[in-house]
Each structure stands twice: as C-alpha cells, then as structure tokens.
Ligand SMILES: Cc1cc2nc3c(=O)[nH]c(=O)nc-3n(C[C@H](O)[C@H](O)[C@H](O)COP(=O)(O)O)c2cc1C
C-alpha cells in the first residue's frame, strides 16, 4: 500500500486521497466507494445517509441523486455538506467538508446514459424522500415510465443529476493499535493551495 508521511504531509491531499480511493476500490467489499453524506436542513437538523462516490478530482467528490430529495433541499439551503469515507479493512478514514454545486449537465447526462435501463426508469419514477403509500404504487409508476419511453433511450430526468462537494477541508486518519492513530487535516487556502496541520488523534 502507498505510504505517506503524517509528519511531513504533502502540500495537497489529492494524491493521498487518490491512492486511498484506489486502494479502497480494490478491497473485496460490496460498495468500497460508499460514502456518508452529512447535511444540515434549513431548520438546523443534521442528517446523514450513504451515497456512492462516482467521481473525484481537485474540484471535489461527485455523487448522483435526486435534486428534489431531502439531502438536496438541505444542500440548497446551506450550500454545504460533509462527506466521510471509512474502510474498516485498512483502518482508514477520510473526511471532507465543502461547498456543494451541481455537476455540469453534460456530465450528468453521460453518467445517466451509462446506467442500467431499469435504474433509469427508477430515477424517473422515484420522488425520492417523498411519502409513498405502498410498493405497488412505485412499481406501477416504473411501469408507466416504461410505457412512456417505450424502448427509446431514456433521457436524464431534469430533477436528477450529480453534485460535487468541494475540498474546503480534508482530514486523513490512519488507525494504529492502542488508539495511537495518525491524523492530518488540510484546509484550502486559495484556488489551488492547502495548509496541512497534524492533529492529535
Ligand atoms: C450502499 C448504498 C448506496 C447508496 N447510494 C446512493 C446514491 O448514490 N445516491 C442516492 O441518491 N442514494 C443512495 N443511497 C440511498 C441513500 O442512502 C438515501 O436513502 C436516499 O438518497 C434518500 O436520502 P435523503 O432522503 O436524505 O435525500 C444509497 C444507499 C446505500 C445503502
């Protein structure tokens, strides 16, 4: 596994994150790209849920969802989110805090076009986070979408797409025996720069 030095952290966390994402993705676990997305609702209520990492670069980490879901309304209200990755097998954690933005429509279009056709219909049918009386209603709505698009390519719903969480703060944590863990935090200082600080675990 790639070694990085917590006593002499690199100026940017990017290469370290890329290495840990790649090494995490190689683990024999069902969803190694799972991440926990924390938001704060307009009334200050925090909430957290799992989403899947579908992109990463210096601009931030990308996931896809319904733009009218509870998480989306919270992110629209606060403009911010926090993301957590945890890989138990390697005793690693990455935390991100940042500002949220929708990914470019053409990027969402390309991702949506590559999804399984059933998932495409599901995205159209699911009014994510809204109340649903029973499963059969949802299944009927999926069937209605199947008829509506009748085998033609399914376009991306206008209410569905990607979000990017920027890297305003990044924290990398490596577990060690007896809780003598390693921890370093970067805060973004300007467009491309970060300041790194080692923290007590
Ligand atoms: C392993 C796993 C992966 C998930 N990935 C996503 C995802 O990428 N996008 C998404 O909208 N929901 C995903 N979900 C469902 C969310 O956790 C959540 O239930 C849903 O997005 C509604 O959240 P909200 O009501 O807070 O908006 C996933 C759930 C699990 C358990």
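Data for the structure
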{"item": "Residue within region 123-133 that is touching a strand residue (DSSP E or B) at 6+ places or on another chain (Cβ under 6 Å), in contact (Cβ under 8 Å) with a residue 12 or more places away in the chain and surrounded by 15 or more Cβ atoms within 10 Å (Cβ to Cβ) present", "result": "yes"}
{"item": "First in region 35-61 and closer than 20 Å to residue 23 by Cβ, second anywhere and assigned to a loop (DSSP other than H, G, I, E, B) and within 8 Å of the ligand (Cβ to nearest atom), Cβ under 7 Å, 6 or more apart", "result": "52/31"}
{"item": "Wholly within region 36-98, strands (runs of 3 or more DSSP E) carrying at least 2 residues that are in contact with a helix residue (DSSP H, G or I) (Cβ under 6 Å, 6 or more places away or on another chain) and more than 10 Å from the ligand (Cβ to nearest atom)", "result": "80-87"}
{"item": "Residue check for residue 70: modelled with pLDDT of 95 or more and closer than 27 Å to residue 194 by Cα", "result": "no"}
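The values are calculated or read from the model by the stated rules, or taken from the named source; none is laboratory data. What you see is a predicted model; the values in this text were computed from it and never measured. No Cβ is skipped: glycine too gets one built from the backbone with ideal geometry, and neighbour counts run over all protein chains shown.
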